[in-house]
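The values are calculated or read from the model by the stated rules, or taken from the named source; none is laboratory data. Owing to the predicted nature of the structure, the values given are computational and were not obtained by experimental measurement. Here the Cβ is made from the backbone with ideal geometry for all residues, glycine too, and neighbour counts use every protein chain on show. Side chains included, ligands, DNA and RNA excluded: accessible areas come from the protein's heavy atoms. Shrake-Rupley method; radii C 1.70, N 1.55, O 1.52, S 1.80 Å.
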Amino acid sequence: MNRPTIADLAKAAGVSVSTVNRLLHGTGTLRPQTADLILSAAQQIGFRSSGPLHERRRDNLPHRHLSFLMQQSHRPLCRIRAEALLGACARRTDAVIEPYVLFEDDPSPEAVAASLLKIGGSADAIAVISADHPLVGQAIDELRVKGVPVIAYVTDLSAASRAGFVGTDNWKAGRTAAWFISQTSGRPGKVFPLIGSNRYQFQNISDASFRSYMREHAPEFHVSETLVTHEAPKNAYAIVRRLIAEEPELMGIFVNGGGISGVLRAMRELAVEHCKIRVVCRDIGPETRKGLSEGLITASLCHPVDRMPEELVDMMLRMIERTDTRLIEQRSVPFEILTPESIWT
């Protein structure tokens, strides 16, 4: 039996011989759908150059440089997010992505803005996790003028020039946290919300909706002024230790940001009688998993570590191709709800 020829492959794929030659010899570009069609036909008829065709198909794909600016390299959760983003880039079949992750451990707006402009020199698109500040917005404006779209990740930004946002419904997250605390507490008492920073939009939105639910459905609980941890576990530890010592009516803590390891450290130092305290957080790092398995955390309302990176990479690739720069695209991914009975180890 004669081996299939290029003409046979073209006929099987329903394309012209010149189209097959463009893919086989790398003399032009094809749509990914057309390349996939030819590859599928090559496998079906046993075309002998199907291996090189796969290589040519990859060469035919658009090559993109995607940069991700993140913070707090010391936090396991941030490392998990970075690894998930790299995995999402590697799984794309419609583009060859060269990802670059930069951790900016200095949370000051000056440092974040400088890092944005630095990586913007070689990136086709940028995703950033950052506190909201005018200096960060100015850097995003400069990058937009240069044709580099910037997408806010996890927490939105007020910069009018941002290309989009990928995150969760933080209003629902805050109200869900309030539901857990009010419904699982044995009796009314005092509840203390903790946030990492006053400039993270997702934390402020969740904080506001937490209070909204409590006013509406659990007015018998006293919700205190929001306490700031500055994303530092040692600060969260000191706050919780003080609350335990000074607030006998303490019934709930909403850890709406970094610092859960400090909260858990304080909880572990408690006597058994203090297990009445309900803790809800928005983290899903190793320490949170341990806290859930120990029953110290009532629930974690976390950002999905699998789906969110996929949505982000998809948006970044779309923003590179989009010519209309006036629109801002937003994608809200449902947050995950983990409890001591549902957590995996």
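Here are the numbers for this structure:
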item: Calculated FRET efficiency for the pair Glu341/Asn2, C-beta based, R₀ 51 Å, to 0.05; result: 0.20
item: Residue-by-residue Karplus 3J(HN,Hα) for region 295-304, coefficients 6.51, -1.76, 1.60, Hz, glycine and proline x; result: x, 7, 10, 6, 7, 10, 9, 9, 6, x
item: Antiparallel DSSP beta bridges within the chain, percent to nearest 5; result: 5 percent
item: Potential extension, Leu327-Asp105 segment - 0.36 nm per residue separation minus Cα distance; result: 76.8 nm
item: Cα-centred dipole magnitude for the chain, charges only on beta-carbon of K, R (+1) and D, E (-1), debye, nearest 20; result: 780 debye
item: Gained length - Ala238 relative to Leu270, 0.36 nm times residue gap less alpha-carbon distance; result: 10.2 nm
item: Karplus-derived HN-Hα couplings along region 133-143 (A = 6.51, B = -1.76, C = 1.60, θ = phi - 60°), whole Hz, x at Gly and Pro; result: 7, x, 5, 5, x, 5, 5, 5, 4, 4, 5
item: Value of [θ]222 nm, deg cm²/dmol, for the chain, DSSP H segments ≥ 4, -39500 (n - 2.57) each, nearest 500; result: -14500 deg cm²/dmol
item: By average C-beta atoms within 10 angstrom, highest first, the peptides 90-98, 73-81, 151-159, 192-200; result: 151-159, 192-200, 73-81, 90-98
item: Distance between modelled label sites at Lys146 and Arg215, nm, 7 Å Cα→Cβ extension; result: 4.4 nm
item: Calculated FRET value between Arg92 and Glu225, using beta carbons and R₀ = 51 Å, to 0.05; result: 0.65
item: For Met319, solvent-accessible area (1.4 Å; no DNA, RNA or ligand), Å²; result: 10 Å²
item: Ordering of 30-43, 293-306 by burial proxy (mean other Cβ atoms within 10 Å per residue, highest first); result: 293-306, 30-43
item: Relative contact order, percent, region 211-325 [alpha-carbon distance under 8 Å, six or more residues apart]; result: 19 percent
item: Over 27 Å (Cα to Cα) - which of Lys146/Lys172; Lys118/Lys234; Lys190/Lys290; Lys190/Lys234; Lys172/Lys290 fall in this group; result: Lys146/Lys172; Lys118/Lys234
item: Fraction of accessible area attributable to carbon and sulfur, region 204-339 (%, probe 1.4 Å); result: 51 percent
